Amino acid sequence: MILEKTEGEKIYNVGSGKATSLRKILEFLCSLSEQKIDIKVNPKLIRPIENKYICCDRTLITSETGWEPVYDIFDTVKEIFEYYLKLQSTSRM
């Protein structure tokens, strides 16, 4: 669709336009598991200049192609989690 409309000469950001913290995504992922998972953050690995907030601006792709997100990040994380559970269970057969 993008190549048909723009011949590939533009760069588009594709995302929801909503910021979600990695902590919320990680907590959601942990909630999907039947295992108890402890989250531990190593402060030595936190960079002081790290962006606290990153959000995709999808204005260009939406205005030029009409594209709108259908799934949110949590739908995507759940689908990936379920895929790997299924993959793991079939590989044990």
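Quick notes on this structure:
- Nearest-10 value in Å² for the accessible area of E9, using the 1.4 Å probe: 120 Å²
- Accessible-area rank, largest first, for Y12, Y83: Y83, Y12, with all protein chains present and a 1.4 angstrom probe.
- Each label point was placed 7 Å from the Cα along the Cα-to-Cβ direction; for K78 and L60 their separation is 3.2 nm.
- Candidates K40, K78, K18: whichever shows maximal mean-square fluctuation once the chain is modelled as a Gaussian network with Cα springs under 10 Å: K40
- Most positive-pole-ward Cα, V41, T90, I61, against dipole of the chain from beta carbon charges: V41
- Qualifying lysines (Cα of each under 27 Å from Cα of K18; at least 8 residues distant if same chain): K5, K10, K40, K52, K78
- GNM top mover of K44, K52, K24 - the chain, alpha-carbon springs below 10 Å: K44
- Helix 73-91 axis versus longest C-alpha principal axis of the chain: approximately 50°, rounded to the nearest ten.
- Measuring with a 1.4 angstrom probe and ignoring ligands and nucleic acids, T59 comes out at about 90 Å² accessible.
- Here the accessible area of the chain is 56 percent carbon and sulfur, with a 1.4 angstrom probe and all protein chains present.
- P(r) tail fraction, the chain - alpha-carbon pairs more than 16 Å apart, %: 70 percent
- Prolate/oblate/rounded call for region 51-93, Cα gyration tensor, a/c under 1.5 rounded: prolate
- Heavy-atom accessible surface of the chain, averaged per residue, reaches 91 Å², computed with a 1.4 Å probe.
- Magnitude of the charge dipole, the chain, Cβ model with Lys/Arg +1 and Asp/Glu -1, debye to 20: 600 debye
The values are calculated or read from the model by the stated rules, or taken from the named source; none is laboratory data. Predicted, not measured: the structure shown is a model, and the values here were computed from it. No Cβ is skipped: glycine too gets one built from the backbone with ideal geometry, and neighbour counts run over all protein chains shown. The area values use the complete protein model at the heavy-atom level, side chains included, leaving out ligands, DNA and RNA. Shrake-Rupley method; radii C 1.70, N 1.55, O 1.52, S 1.80 Å.
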